[in-house]
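> Okay, handing you the structure first.
The values are calculated or read from the model by the stated rules, or taken from the named source; none is laboratory data. This is a predicted model, so every value here is computed, not measured. Here the Cβ is made from the backbone with ideal geometry for all residues, glycine too, and neighbour counts use every protein chain on show.
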Amino acid sequence: MIANTRELERLHQQFKTFHREQGPLSLARRKDMLSALRKALVTHQQTLVEAVSKDFGYRDEFDTVFSDILPTVDAIAYCGKHLKRWTKPQRRHPGFAHFPSKLYVNYEAKGVVGVISPWNYPINLALSPAAFAIAAGNRVVIKLSEYTPNLNAALKALLPANSDDVIAFVEGESDIAEAFSALPWDHLLFTGGTEIGRHVMRSAAQHLTPLTLELGGKSPTVVLPSAHLPSAVSQLCFGKLTNGGQICVAPDHVYVPNHMLDGFIAYVKQTVAAVTYPSTHVISTRAQQRINSLLAQACENGAEAMPLLDAQGNTRLTLLLNVDTRMDIANTEIFGPILPVYGYDDIEQVIETLKGQAKPLALYLFAQDSRQWRQVSEQVQSGTLAINDTLMQVSATDLPFGGVGESGFGQYHGKEGFITFSHARSVVQSPARWPKARLLLQRSKLLLGISKWLYLRK
(Lines give C-alpha, C1' and ligand atoms only; values in the text may rest on other atoms or scores of the structure.)
Protein backbone atom coordinates (compact mmCIF):
# COMPACT_ATOMS: atom_id res chain seq x y z
CA MET A 1 0.00 0.00 0.00
CA ILE A 2 1.35 3.42 -0.99
CA ALA A 3 0.94 5.60 2.10
CA ASN A 4 1.29 8.97 0.40
CA THR A 5 2.04 10.74 -2.85
CA ARG A 6 5.71 11.07 -1.92
CA GLU A 7 6.09 7.28 -1.91
CA LEU A 8 4.29 7.11 -5.24
CA GLU A 9 6.65 9.66 -6.76
CA ARG A 10 9.62 7.68 -5.40
CA LEU A 11 8.33 4.47 -7.02
CA HIS A 12 7.75 6.28 -10.32
CA GLN A 13 11.28 7.70 -10.26
CA GLN A 14 12.70 4.29 -9.41
CA PHE A 15 11.08 2.73 -12.48
CA LYS A 16 12.26 5.63 -14.64
CA THR A 17 15.78 4.95 -13.39
CA PHE A 18 15.43 1.24 -14.19
CA HIS A 19 14.49 2.09 -17.77
CA ARG A 20 17.21 4.73 -18.18
CA GLU A 21 20.00 2.54 -16.82
CA GLN A 22 18.91 -0.91 -18.05
CA GLY A 23 17.14 0.10 -21.25
CA PRO A 24 14.04 -1.59 -22.67
CA LEU A 25 13.34 -5.16 -21.65
CA SER A 26 15.16 -7.65 -23.85
CA LEU A 27 13.11 -9.99 -25.99
CA ALA A 28 14.08 -12.91 -23.75
CA ARG A 29 13.09 -11.00 -20.60
CA ARG A 30 9.72 -10.11 -22.09
CA LYS A 31 9.01 -13.74 -22.96
CA ASP A 32 10.08 -14.92 -19.50
CA MET A 33 7.87 -12.33 -17.75
CA LEU A 34 4.83 -13.15 -19.87
CA SER A 35 5.30 -16.87 -19.38
CA ALA A 36 5.70 -16.45 -15.62
CA LEU A 37 2.59 -14.25 -15.36
CA ARG A 38 0.52 -16.74 -17.32
CA LYS A 39 1.73 -19.65 -15.19
CA ALA A 40 1.00 -17.73 -11.98
CA LEU A 41 -2.57 -16.92 -13.05
CA VAL A 42 -3.29 -20.51 -14.02
CA THR A 43 -1.71 -21.90 -10.84
CA HIS A 44 -3.49 -19.50 -8.47
CA GLN A 45 -6.83 -19.19 -10.28
CA GLN A 46 -8.87 -20.54 -7.36
CA THR A 47 -7.22 -18.09 -4.97
CA LEU A 48 -8.14 -15.26 -7.31
CA VAL A 49 -11.74 -16.49 -7.63
CA GLU A 50 -12.15 -16.54 -3.85
CA ALA A 51 -10.48 -13.16 -3.34
CA VAL A 52 -12.66 -11.39 -5.91
CA SER A 53 -15.80 -13.02 -4.52
CA LYS A 54 -14.90 -11.73 -1.06
CA ASP A 55 -14.45 -8.20 -2.43
CA PHE A 56 -17.83 -8.25 -4.19
CA GLY A 57 -19.66 -9.84 -1.27
CA TYR A 58 -20.31 -12.64 -3.74
CA ARG A 59 -19.15 -13.06 -7.29
CA ASP A 60 -20.09 -16.04 -9.41
CA GLU A 61 -17.09 -18.20 -10.28
CA PHE A 62 -18.12 -18.17 -13.93
CA ASP A 63 -17.88 -14.38 -14.03
CA THR A 64 -14.34 -14.44 -12.65
CA VAL A 65 -13.03 -17.38 -14.68
CA PHE A 66 -14.77 -16.74 -17.99
CA SER A 67 -14.61 -12.95 -18.09
CA ASP A 68 -11.60 -12.07 -15.94
CA ILE A 69 -8.97 -14.81 -15.74
CA LEU A 70 -9.46 -16.59 -19.06
CA PRO A 71 -9.18 -13.50 -21.33
CA THR A 72 -6.12 -12.34 -19.36
CA VAL A 73 -4.36 -15.68 -19.78
CA ASP A 74 -5.32 -15.66 -23.46
CA ALA A 75 -3.96 -12.12 -23.94
CA ILE A 76 -0.65 -13.02 -22.28
CA ALA A 77 -0.28 -16.15 -24.42
CA TYR A 78 -1.20 -14.15 -27.53
CA CYS A 79 1.52 -11.59 -26.81
CA GLY A 80 4.10 -14.32 -26.28
CA LYS A 81 3.14 -16.04 -29.52
CA HIS A 82 3.40 -12.93 -31.72
CA LEU A 83 6.16 -11.07 -29.89
CA LYS A 84 9.07 -12.04 -32.16
CA ARG A 85 7.21 -11.03 -35.33
CA TRP A 86 5.94 -7.75 -33.87
CA THR A 87 9.42 -6.63 -32.83
CA LYS A 88 11.03 -7.14 -36.24
CA PRO A 89 11.73 -3.94 -38.21
CA GLN A 90 8.97 -3.41 -40.76
CA ARG A 91 10.18 -2.57 -44.23
CA ARG A 92 8.55 0.32 -46.11
CA HIS A 93 8.80 1.23 -49.79
CA PRO A 94 11.23 4.05 -50.63
CA GLY A 95 9.99 4.93 -54.12
CA PHE A 96 12.06 7.01 -56.53
CA ALA A 97 12.48 9.97 -54.15
CA HIS A 98 14.38 7.87 -51.60
CA PHE A 99 16.14 5.34 -53.84
CA PRO A 100 18.40 3.53 -52.95
CA SER A 101 17.81 4.14 -49.24
CA LYS A 102 16.17 1.54 -47.02
CA LEU A 103 13.05 2.62 -45.13
CA TYR A 104 11.72 0.79 -42.13
CA VAL A 105 9.90 1.22 -38.83
CA ASN A 106 11.25 0.08 -35.49
CA TYR A 107 8.69 -0.44 -32.75
CA GLU A 108 10.51 0.56 -29.58
CA ALA A 109 9.52 0.62 -25.92
CA LYS A 110 8.17 3.95 -24.71
CA GLY A 111 9.57 3.49 -21.22
CA VAL A 112 7.44 3.31 -18.08
CA VAL A 113 3.70 2.78 -18.54
CA GLY A 114 1.09 3.68 -15.94
CA VAL A 115 -2.18 1.72 -15.80
CA ILE A 116 -5.21 2.78 -13.75
CA SER A 117 -7.54 -0.20 -13.52
CA PRO A 118 -11.14 -0.38 -12.20
CA TRP A 119 -12.89 -2.78 -9.85
CA ASN A 120 -15.39 -4.49 -12.17
CA TYR A 121 -12.83 -6.77 -13.88
CA PRO A 122 -9.86 -6.22 -11.59
CA ILE A 123 -7.69 -9.00 -13.02
CA ASN A 124 -8.18 -8.53 -16.74
CA LEU A 125 -8.24 -4.73 -16.76
CA ALA A 126 -4.99 -4.61 -14.79
CA LEU A 127 -2.94 -7.41 -16.32
CA SER A 128 -4.15 -7.49 -19.92
CA PRO A 129 -2.86 -3.98 -20.75
CA ALA A 130 0.23 -4.78 -18.69
CA ALA A 131 0.90 -7.81 -20.91
CA PHE A 132 0.84 -5.70 -24.08
CA ALA A 133 3.00 -3.04 -22.44
CA ILE A 134 5.58 -5.63 -21.35
CA ALA A 135 5.48 -7.21 -24.81
CA ALA A 136 6.51 -3.82 -26.18
CA GLY A 137 9.50 -3.76 -23.79
CA ASN A 138 8.11 -1.37 -21.18
CA ARG A 139 8.01 -1.45 -17.41
CA VAL A 140 4.56 -1.12 -15.84
CA VAL A 141 3.12 0.38 -12.65
CA ILE A 142 -0.55 -0.45 -12.03
CA LYS A 143 -2.93 1.51 -9.78
CA LEU A 144 -5.34 -1.11 -8.47
CA SER A 145 -8.85 -0.28 -7.29
CA GLU A 146 -9.40 0.48 -3.62
CA TYR A 147 -12.65 -1.54 -3.85
CA THR A 148 -10.81 -4.87 -4.30
CA PRO A 149 -8.31 -5.16 -1.42
CA ASN A 150 -8.44 -8.96 -1.20
CA LEU A 151 -7.82 -9.40 -4.91
CA ASN A 152 -5.04 -6.80 -4.77
CA ALA A 153 -3.24 -8.81 -2.10
CA ALA A 154 -3.63 -11.99 -4.16
CA LEU A 155 -2.22 -10.30 -7.27
CA LYS A 156 0.80 -9.01 -5.37
CA ALA A 157 1.47 -12.49 -4.02
CA LEU A 158 1.51 -14.10 -7.46
CA LEU A 159 4.02 -11.71 -9.05
CA PRO A 160 6.93 -13.71 -10.48
CA ALA A 161 10.28 -13.65 -8.72
CA ASN A 162 12.79 -11.06 -9.99
CA SER A 163 10.00 -8.89 -11.41
CA ASP A 164 10.52 -5.90 -9.10
CA ASP A 165 12.09 -3.85 -11.89
CA VAL A 166 9.37 -4.73 -14.43
CA ILE A 167 5.97 -4.52 -12.77
CA ALA A 168 4.61 -2.99 -9.57
CA PHE A 169 1.19 -2.55 -8.00
CA VAL A 170 -0.06 0.56 -6.24
CA GLU A 171 -3.09 0.85 -3.97
CA GLY A 172 -4.72 3.88 -2.42
CA GLU A 173 -7.76 6.11 -2.41
CA SER A 174 -8.77 8.86 -4.82
CA ASP A 175 -5.89 11.14 -3.79
CA ILE A 176 -3.37 8.50 -4.88
CA ALA A 177 -5.26 7.94 -8.13
CA GLU A 178 -5.24 11.67 -8.83
CA ALA A 179 -1.52 11.94 -8.11
CA PHE A 180 -0.89 8.83 -10.23
CA SER A 181 -2.52 10.37 -13.32
CA ALA A 182 -0.50 13.57 -12.89
CA LEU A 183 2.91 11.84 -13.04
CA PRO A 184 4.99 12.07 -16.26
CA TRP A 185 4.46 8.51 -17.52
CA ASP A 186 5.73 7.53 -20.95
CA HIS A 187 2.19 6.28 -21.57
CA LEU A 188 -0.89 6.21 -19.36
CA LEU A 189 -3.93 3.96 -19.71
CA PHE A 190 -7.11 4.61 -17.76
CA THR A 191 -10.18 2.40 -17.65
CA GLY A 192 -13.25 3.85 -15.96
CA GLY A 193 -16.07 6.36 -16.19
CA THR A 194 -16.21 9.19 -18.71
CA GLU A 195 -16.22 12.03 -16.17
CA ILE A 196 -13.18 10.70 -14.33
CA GLY A 197 -11.59 10.15 -17.72
CA ARG A 198 -11.85 13.89 -18.36
CA HIS A 199 -9.95 14.58 -15.13
CA VAL A 200 -7.28 12.04 -16.07
CA MET A 201 -6.88 13.67 -19.47
CA ARG A 202 -6.45 17.10 -17.91
CA SER A 203 -3.81 15.74 -15.53
CA ALA A 204 -1.95 13.93 -18.31
CA ALA A 205 -1.93 17.09 -20.42
CA GLN A 206 0.45 18.77 -17.94
CA HIS A 207 3.28 16.54 -19.19
CA LEU A 208 1.87 15.82 -22.68
CA THR A 209 1.62 12.19 -21.55
CA PRO A 210 0.41 9.86 -24.33
CA LEU A 211 -2.95 8.58 -23.18
CA THR A 212 -5.35 5.71 -23.78
CA LEU A 213 -8.83 6.11 -22.32
CA GLU A 214 -11.08 3.07 -22.08
CA LEU A 215 -14.39 4.56 -20.97
CA GLY A 216 -17.96 3.35 -20.98
CA GLY A 217 -21.17 5.01 -22.06
CA LYS A 218 -24.64 3.80 -22.86
CA SER A 219 -24.11 0.87 -25.23
CA PRO A 220 -27.39 0.38 -27.15
CA THR A 221 -28.95 -2.81 -28.45
CA VAL A 222 -31.21 -2.77 -31.51
CA VAL A 223 -33.49 -5.72 -32.18
CA LEU A 224 -34.30 -5.42 -35.89
CA PRO A 225 -37.47 -6.79 -37.51
CA SER A 226 -35.71 -9.84 -38.96
CA ALA A 227 -34.13 -10.84 -35.64
CA HIS A 228 -34.56 -14.38 -34.36
CA LEU A 229 -36.19 -13.28 -31.11
CA PRO A 230 -35.39 -16.25 -28.82
CA SER A 231 -31.69 -16.12 -29.76
CA ALA A 232 -31.56 -12.32 -29.50
CA VAL A 233 -33.08 -12.40 -26.01
CA SER A 234 -30.72 -15.17 -24.91
CA GLN A 235 -27.66 -13.20 -26.02
CA LEU A 236 -29.01 -9.97 -24.55
CA CYS A 237 -29.68 -11.56 -21.17
CA PHE A 238 -26.20 -13.08 -21.13
CA GLY A 239 -24.72 -9.63 -21.76
CA LYS A 240 -26.88 -7.91 -19.17
CA LEU A 241 -26.74 -10.49 -16.37
CA THR A 242 -23.02 -11.25 -16.53
CA ASN A 243 -21.19 -9.72 -13.55
CA GLY A 244 -24.46 -8.24 -12.33
CA GLY A 245 -24.50 -5.86 -15.31
CA GLN A 246 -21.30 -4.18 -14.08
CA ILE A 247 -19.48 -4.14 -17.42
CA CYS A 248 -18.45 -1.15 -19.52
CA VAL A 249 -19.80 -2.89 -22.64
CA ALA A 250 -22.98 -4.27 -21.05
CA PRO A 251 -26.12 -3.69 -23.13
CA ASP A 252 -27.41 -0.51 -21.51
CA HIS A 253 -30.84 -0.26 -23.20
CA VAL A 254 -32.69 -1.92 -26.06
CA TYR A 255 -34.85 -0.85 -29.00
CA VAL A 256 -37.52 -3.33 -30.09
CA PRO A 257 -40.09 -3.09 -32.94
CA ASN A 258 -43.50 -2.36 -31.40
CA HIS A 259 -45.08 -5.38 -33.06
CA MET A 260 -42.45 -7.63 -31.40
CA LEU A 261 -42.53 -5.95 -27.98
CA ASP A 262 -44.92 -8.37 -26.24
CA GLY A 263 -43.00 -11.37 -27.56
CA PHE A 264 -39.71 -9.81 -26.51
CA ILE A 265 -40.89 -9.24 -22.92
CA ALA A 266 -42.29 -12.76 -22.72
CA TYR A 267 -38.99 -14.28 -23.86
CA VAL A 268 -37.00 -12.17 -21.39
CA LYS A 269 -39.26 -13.28 -18.53
CA GLN A 270 -38.87 -16.91 -19.61
CA THR A 271 -35.08 -16.63 -19.94
CA VAL A 272 -34.59 -14.95 -16.56
CA ALA A 273 -36.94 -17.39 -14.84
CA ALA A 274 -34.74 -20.27 -16.00
CA VAL A 275 -31.60 -18.82 -14.37
CA THR A 276 -30.58 -20.97 -11.39
CA TYR A 277 -27.14 -19.64 -10.36
CA PRO A 278 -26.72 -16.81 -7.81
CA SER A 279 -26.10 -13.30 -9.06
CA THR A 280 -22.79 -11.50 -8.67
CA HIS A 281 -23.40 -8.76 -6.12
CA VAL A 282 -23.25 -5.06 -6.85
CA ILE A 283 -19.79 -4.03 -5.66
CA SER A 284 -20.80 -1.73 -2.78
CA THR A 285 -23.70 -0.24 -0.87
CA ARG A 286 -22.97 3.10 -2.50
CA ALA A 287 -23.18 1.58 -5.99
CA GLN A 288 -26.45 -0.16 -5.11
CA GLN A 289 -27.91 3.09 -3.78
CA ARG A 290 -26.99 4.80 -7.03
CA ILE A 291 -28.81 2.12 -9.07
CA ASN A 292 -31.85 2.28 -6.77
CA SER A 293 -31.92 6.07 -7.10
CA LEU A 294 -31.90 5.90 -10.91
CA LEU A 295 -34.78 3.44 -10.85
CA ALA A 296 -36.82 5.44 -8.32
CA GLN A 297 -36.35 8.72 -10.19
CA ALA A 298 -37.48 7.10 -13.45
CA CYS A 299 -40.61 5.63 -11.86
CA GLU A 300 -41.47 8.98 -10.23
CA ASN A 301 -41.44 10.50 -13.71
CA GLY A 302 -43.73 7.93 -15.31
CA ALA A 303 -41.59 4.89 -16.13
CA GLU A 304 -43.00 1.43 -15.47
CA ALA A 305 -40.67 -1.01 -13.67
CA MET A 306 -41.11 -4.72 -14.35
CA PRO A 307 -39.02 -6.80 -11.90
CA LEU A 308 -38.22 -10.27 -13.24
CA LEU A 309 -37.56 -13.21 -10.90
CA ASP A 310 -35.04 -16.01 -11.43
CA ALA A 311 -35.62 -19.67 -10.56
CA GLN A 312 -34.82 -18.96 -6.89
CA GLY A 313 -37.44 -16.21 -6.65
CA ASN A 314 -34.88 -13.36 -6.56
CA THR A 315 -35.25 -10.20 -8.61
CA ARG A 316 -32.59 -10.70 -11.26
CA LEU A 317 -33.39 -8.08 -13.88
CA THR A 318 -35.74 -5.11 -14.00
CA LEU A 319 -37.23 -4.10 -17.35
CA LEU A 320 -38.10 -0.42 -17.53
CA LEU A 321 -40.82 0.77 -19.90
CA ASN A 322 -42.05 4.24 -20.86
CA VAL A 323 -38.63 5.81 -20.41
CA ASP A 324 -38.05 9.32 -21.77
CA THR A 325 -35.19 11.80 -21.86
CA ARG A 326 -36.34 13.63 -18.69
CA MET A 327 -35.12 10.70 -16.66
CA ASP A 328 -31.57 10.38 -15.38
CA ILE A 329 -31.50 6.71 -16.35
CA ALA A 330 -31.89 7.70 -20.00
CA ASN A 331 -28.74 9.84 -19.83
CA THR A 332 -26.48 7.95 -17.41
CA GLU A 333 -24.59 4.69 -17.78
CA ILE A 334 -26.59 2.23 -15.67
CA PHE A 335 -23.89 -0.30 -14.72
CA GLY A 336 -26.40 -2.63 -13.09
CA PRO A 337 -29.30 -5.05 -13.74
CA ILE A 338 -31.84 -2.58 -15.15
CA LEU A 339 -32.79 -2.67 -18.84
CA PRO A 340 -34.78 0.23 -20.36
CA VAL A 341 -36.88 -0.97 -23.31
CA TYR A 342 -37.94 1.37 -26.12
CA GLY A 343 -40.49 0.43 -28.77
CA TYR A 344 -40.16 1.74 -32.32
CA ASP A 345 -41.96 1.62 -35.65
CA ASP A 346 -39.35 3.10 -38.01
CA ILE A 347 -35.71 2.08 -37.83
CA GLU A 348 -34.65 5.44 -39.28
CA GLN A 349 -36.01 7.09 -36.13
CA VAL A 350 -33.81 4.82 -34.00
CA ILE A 351 -30.81 5.62 -36.20
CA GLU A 352 -31.38 9.36 -35.83
CA THR A 353 -31.74 8.95 -32.06
CA LEU A 354 -28.47 7.03 -31.82
CA LYS A 355 -26.65 9.50 -34.07
CA GLY A 356 -27.69 12.29 -31.70
CA GLN A 357 -26.20 10.55 -28.67
CA ALA A 358 -22.60 10.16 -27.50
CA LYS A 359 -20.76 7.45 -29.42
CA PRO A 360 -20.90 4.27 -27.33
CA LEU A 361 -18.19 1.75 -26.55
CA ALA A 362 -20.34 -1.04 -28.00
CA LEU A 363 -23.28 -1.36 -30.37
CA TYR A 364 -25.31 -4.58 -30.48
CA LEU A 365 -27.47 -5.40 -33.49
CA PHE A 366 -29.74 -8.42 -33.92
CA ALA A 367 -30.98 -9.37 -37.38
CA GLN A 368 -31.07 -12.31 -39.76
CA ASP A 369 -31.24 -9.98 -42.76
CA SER A 370 -27.79 -8.42 -43.20
CA ARG A 371 -29.27 -5.43 -45.02
CA GLN A 372 -31.01 -4.39 -41.81
CA TRP A 373 -27.98 -4.47 -39.53
CA ARG A 374 -25.83 -2.82 -42.22
CA GLN A 375 -28.37 -0.01 -42.43
CA VAL A 376 -27.70 0.77 -38.78
CA SER A 377 -23.97 0.00 -38.58
CA GLU A 378 -23.12 2.18 -41.59
CA GLN A 379 -24.72 5.24 -40.00
CA VAL A 380 -24.08 4.78 -36.27
CA GLN A 381 -20.48 4.84 -35.04
CA SER A 382 -19.30 2.92 -31.99
CA GLY A 383 -16.06 1.71 -30.49
CA THR A 384 -16.97 -1.94 -31.12
CA LEU A 385 -19.78 -3.70 -32.95
CA ALA A 386 -21.32 -7.12 -32.31
CA ILE A 387 -23.98 -8.65 -34.53
CA ASN A 388 -26.23 -11.33 -33.04
CA ASP A 389 -23.93 -11.45 -30.00
CA THR A 390 -22.97 -9.51 -26.87
CA LEU A 391 -19.70 -8.99 -24.93
CA MET A 392 -17.68 -11.45 -27.03
CA GLN A 393 -16.03 -8.75 -29.14
CA VAL A 394 -14.07 -7.78 -26.01
CA SER A 395 -12.62 -11.25 -25.41
CA ALA A 396 -11.56 -11.71 -29.06
CA THR A 397 -7.86 -11.14 -28.37
CA ASP A 398 -6.89 -10.65 -32.02
CA LEU A 399 -9.33 -7.73 -32.40
CA PRO A 400 -8.42 -4.21 -31.24
CA PHE A 401 -10.58 -2.95 -28.39
CA GLY A 402 -11.29 0.69 -27.66
CA GLY A 403 -13.80 3.50 -27.75
CA VAL A 404 -14.54 6.49 -29.92
CA GLY A 405 -15.54 9.99 -28.86
CA GLU A 406 -16.84 10.04 -25.30
CA SER A 407 -16.35 6.29 -24.94
CA GLY A 408 -12.60 6.82 -25.13
CA PHE A 409 -9.72 6.60 -27.57
CA GLY A 410 -6.77 4.33 -28.20
CA GLN A 411 -6.77 0.54 -28.35
CA TYR A 412 -5.03 -2.30 -26.63
CA HIS A 413 -5.90 -5.80 -27.83
CA GLY A 414 -4.53 -7.46 -30.93
CA LYS A 415 -1.42 -6.13 -32.64
CA GLU A 416 -2.83 -2.66 -31.97
CA GLY A 417 -2.13 -3.22 -28.27
CA PHE A 418 1.56 -3.73 -28.96
CA ILE A 419 1.58 -0.63 -31.19
CA THR A 420 -0.20 1.47 -28.53
CA PHE A 421 2.62 0.93 -26.04
CA SER A 422 5.38 1.31 -28.63
CA HIS A 423 7.07 4.27 -30.26
CA ALA A 424 6.99 3.75 -34.03
CA ARG A 425 10.42 5.06 -34.92
CA SER A 426 10.89 5.89 -38.61
CA VAL A 427 14.33 5.01 -39.99
CA VAL A 428 15.94 6.02 -43.30
CA GLN A 429 19.19 4.19 -43.98
CA SER A 430 21.15 5.54 -46.95
CA PRO A 431 24.42 4.37 -48.54
CA ALA A 432 27.50 6.00 -47.07
CA ARG A 433 28.58 7.11 -50.55
CA TRP A 434 25.74 8.28 -52.75
CA PRO A 435 25.58 11.54 -54.77
CA LYS A 436 21.94 12.37 -54.00
CA ALA A 437 22.75 15.18 -51.58
CA ARG A 438 25.15 16.75 -54.10
CA LEU A 439 22.45 16.70 -56.77
CA LEU A 440 19.99 18.29 -54.36
CA LEU A 441 22.48 20.97 -53.33
CA GLN A 442 23.17 21.77 -56.99
CA ARG A 443 19.44 21.98 -57.77
CA SER A 444 19.97 19.47 -60.59
CA LYS A 445 17.68 20.24 -63.54
CA LEU A 446 17.77 16.58 -64.53
CA LEU A 447 16.59 15.49 -61.09
CA LEU A 448 13.90 18.18 -61.09
CA GLY A 449 12.64 17.12 -64.52
CA ILE A 450 12.45 13.44 -63.57
CA SER A 451 10.63 14.30 -60.34
CA LYS A 452 8.06 16.45 -62.16
CA TRP A 453 7.49 13.70 -64.73
CA LEU A 454 7.00 11.07 -62.03
CA TYR A 455 4.87 13.01 -59.53
CA LEU A 456 3.38 16.17 -61.06
CA ARG A 457 1.92 15.01 -64.37
CA LYS A 458 -1.71 15.90 -65.11
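> Against the condition of a type outside the set (S, T, N, Q), in a loop (DSSP other than H, G, I, E, B) and either touching a strand residue (DSSP E or B) at 6+ places or on another chain (Cβ under 7 Å) or surrounded by 16 or more Cβ atoms within 10 Å (Cβ to Cβ) (or both), how does PRO122 come out, does it pass?
Here the answer is yes, as PRO122 does meet what is asked.
> Collect the residues in the range 304-332 that are under 17 Å from ASP262 (Cα atoms) and in a loop (DSSP other than H, G, I, E, B), keeping them in residue-number order.
Residues satisfying the conditions are ASN322, VAL323.
> If the Cβ limit is 8 Å and pairs must be 6+ apart or interchain, which residue in the range 9-27 that is surrounded by fewer than 17 Cβ atoms within 10 Å (Cβ to Cβ) pairs with which residue that is of a type in the set (Gly, Ala, Ser) and in a helix (DSSP H, G or I)?
Pairs that qualify, where the first residue is surrounded by fewer than 17 Cβ atoms within 10 Å (Cβ to Cβ) and the partner is of a type in the set (Gly, Ala, Ser) and in a helix (DSSP H, G or I), are GLU9/ALA179.
> Whether any residue in the range 156-163 is buried (at least 19 other Cβ atoms within 10 Å of the Cβ) and farther than 20 Å from THR420 by Cβ is what I want to check.
Initial filter on the range 156-163 (buried (at least 19 other Cβ atoms within 10 Å of the Cβ)): none.
No, the range 156-163 has no match at all.
> Now a separate question. Hey, among ARG59, ARG30, ARG38, which residue is charged (D, E, K, R), within 24 Å of the chain's Cα centre (by Cα) and not in a helix (DSSP H, G or I)? Give the steps one after another, and end with the answer.
Numbers: ARG30 fails: not in a helix (DSSP H, G or I); ARG38 fails: not in a helix (DSSP H, G or I).
So the residue among ARG59, ARG30, ARG38 that is charged (D, E, K, R), within 24 Å of the chain's Cα centre (by Cα) and not in a helix (DSSP H, G or I) is ARG59.
> Would you please list the contacts, defined by Cβ atoms under 6 Å and residues six or more apart or on different chains, that run from a residue in the range 204-229 that is on the phi > 0 side of the Ramachandran plot and touching a residue at least 12 places away in the same chain (Cβ under 8 Å) to a residue that is aliphatic (A, V, I, L, M) and crowded, with 24+ Cβ neighbours inside 10 Å?
GLY217/LEU361
> Let me ask something else about it. Are there helices (runs of 4 or more DSSP H) fully within the range 333-437 with at least 2 residues that are outside the structural domain of GLY95 (by TED's automatic domain parsing)? List them.
Values: elements: 347-355, 370-377, 392-395, 414-420.
Per the criteria, 347-355, 370-377, 392-395.
> While we're here: Being touching a helix residue (DSSP H, G or I) at 6+ places or on another chain (Cβ under 8 Å) and of a type in the set (Val, Ile, Thr), is that true of even one residue in the range 400-409?
Within the range 400-409, none of the residues are touching a helix residue (DSSP H, G or I) at 6+ places or on another chain (Cβ under 8 Å) and of a type in the set (Val, Ile, Thr).
> Collect the residues in the range 170-202 that are among the aliphatic types (A, V, I, L, M) and touching a residue at least 40 places away in the same chain (Cβ under 8 Å), keeping them in residue-number order.
Initial filter on the range 170-202 (among the aliphatic types (A, V, I, L, M)): 170, 176-177, 179, 182-183, 188-189, 196, 200-201.
Selection gives VAL170, ILE176, ALA177, ALA179, LEU183, LEU188, LEU189, VAL200.
> Okay, next question. Could you list, ordered by first residue, the pairs with Cβ atoms under 6 Å in which the first is in the range 270-293 and more than 12 Å from THR242 (Cα to Cα) and the second is among the β-branched types (Val, Ile, Thr), at least 6 apart or interchain?
Short answer, once both residue conditions are applied: THR271/VAL233; GLN288/VAL282.
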